[in-house]
1. I'm checking my understanding of the structure. Among residues of the range 268-297 that are in a strand (DSSP E or B) and among the polar types (S, T, N, Q), which one is farthest from Gly254 (Cα to Cα)?
2. Could you tell me which residue of the range 76-113 is farthest from Arg350 (Cα to Cα), considering only residues that are surrounded by 10 or more Cβ atoms within 10 Å (Cβ to Cβ) and among the small types (Gly, Ala, Ser)?
3. Take the residues in the range 56-70 that are among the hydrophobic types (A, V, I, L, M, F, W, C) and not in a helix (DSSP H, G or I), then tell me which one is modelled with the highest pLDDT.
4. Filtering the range 224-239 down to residues that are in contact (Cβ under 8 Å) with a residue 40 or more places away in the chain and surrounded by fewer than 16 Cβ atoms within 10 Å (Cβ to Cβ), which residue is farthest from Val280 (Cα to Cα)?
5. Of all residues in the range 128-149, count the ones that are within 19 Å of Leu241 (Cβ to Cβ) and part of a loop (DSSP other than H, G, I, E, B).
6. Please go through the range 196-206 and pick out each residue that is over 15 Å from Ser320 (Cα atoms) and modelled with pLDDT of 95 or more.
7. Can you tell me how many residues within the range 1-55 are out of contact with any Lys or Arg (no Cβ under 8 Å at 6 or more places or on another chain), of a type in the set (A, V, I, L, M), exposed (fewer than 11 other Cβ atoms within 10 Å of the Cβ) and under 25 Å from Asp89 (Cβ atoms)?
8. Looking only at the range 13-30, count every residue that is closer than 16 Å to Ala72 by Cα and either in contact (Cβ under 8 Å) with a residue 40 or more places away in the chain or touching a Cys at 6+ places or on another chain (Cβ under 8 Å) (or both) and tell me the total.
Amino acid sequence: MTARELWEARLAALATRARTALAAAQSVQELEELRVHLLGRKGELTLTLRELGQLAADERPAAGALANRVRAEVEQSLEERGQEIRARDLEQRLEAEAVDVTLPGRRPPRGHPHPLVLVRQEMEAIFASLGFAVAEGPEVESEWYNFEALNIPADHPAREMQDSFYVEGHPGADEPRGQLLLRTHTSPVQIRGMLAQQRALPVRIIAAGRVYRRDDDATHSPMFHQVEGLLVDRGVSFAHLKGILAEFARRLWGPRAAIRLRPSYFPFTEPSAEVDVWCVFCQGKGCRTCKGSGWIEILGAGMVHPSVLLAGGYDPEEVSGLAFGVGVERVAMLRYQIEDIRLLYEGDLRFLEQF
């Protein structure tokens with residue numbers, strides 16, 4: 001057997017082994033290993049083709065043509081087998097990841113309003129039905145709006161009762177002077193509401209929002225919520241105040257709910273009153289919640305002080321006003337019999353999901 005015949009026999013045997021190995025390959029990784037083994041720099045087919053130069057010059061053209069056909073066949077087989085394996089892998093993955101669209105979907109758990117939101121929305125709806133508009137104001141206020149315009153001067157003892165969070169900065173040029181603080185009540189919105197009306201009548205607004213004081217115990221929080229109401233018009237009397245609050249209690253706790261007013265003191269109202277509601281838990285018989293009295297304190301109220309009317313731009317000789325303020329947390333704790341106010345802020349789903 002001549003050198004050419006021997007070389008061609010080796011090449012044919014190599015091509016046969018390559019076809020068998022490619023047909024048996026089951027992964028892209030195996031194909032890559034075969035490619036390197038056959039066509040790499042030190043691959044079996046590459047080394048065999050390099051021996052072409054050892055043949056006689058007149059034998060090289062025919063042998064080279066054969067070598068090119070074998071190399072092309074191997075490369076084509078590698079490509080075709082690779083496409084088959086990739087198509088098979090894709091089909092298997094799609095089958096494994098198939099989604100049965102006929103199965104019923106999984107409903108995600110539905111969120112729901114926080115108990116404080118529920119109570120605040122209910123109170124706003126009650127007062128809106130009585131003709132009050134909802135007003136808003138900034139939570140960072142100047143001392144003038146938070147204290148002085150509400151008849152609470154710098155030396156007034158009420159400032160000690162409302163220990164405040166002061167913040168750095170000063171009001172804008174168009175704002176009254178005074179240091180900035182986190183508002184201790186929503187009453188500044190009453191002043192802003194009156195000034196915005198520009199002496200137009202009536203002023204009938206409620207202000208709901210967050211307020212801040214230095215309190216932190218089982219029944220107090222450094223941040224809590226208030227809903228305050230203001231009505232300014234000609235001929236407004238204490239009887240109107242009592243009627244509005246009595247209707248509010250009936251709407252909130254049912255037609256049998258009753259209120260009583262006890263004399264009190266607030267710098268921004270005169271006369272002032274603490275308002276109690278008939279205990280809805282014991283129907284006035286006396287229980288742990290009402291401490292045996294049959295009544296529960298829920299809010300403060302009174303007739304707007306003349307100095308506050310003047311600060312709002314109204315003449316107290318021509319108009320009068322009533323105001324009231326209720327803590328949203330207070331109502332929520334009574335509504336849902338919650339003993340510790342901190343439960344409303346801890347974000348414990350075991351507690352919140354009950355509402």
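1. Looking at the filtered set, the residue picked out is Thr269.
2. Among those that are surrounded by 10 or more Cβ atoms within 10 Å (Cβ to Cβ) and among the small types (Gly, Ala, Ser), it is Ser77.
3. Looking at residues that are among the hydrophobic types (A, V, I, L, M, F, W, C) and not in a helix (DSSP H, G or I), I get Ala57.
4. Only one residue tops the list, namely Arg234.
5. Of the residues in that region, 3 qualify.
6. Of everything in the range 196-206, just one residue is over 15 Å from Ser320 (Cα atoms) and modelled with pLDDT of 95 or more, namely Ile206.
7. Residues that pass the stated criteria total 1.
8. 5
The values are calculated or read from the model by the stated rules, or taken from the named source; none is laboratory data. Quick caveat: nothing in here was measured; it's all calculated off a predicted structure. We place every Cβ from the backbone using ideal geometry, glycine too, and count neighbours over all the protein chains shown.
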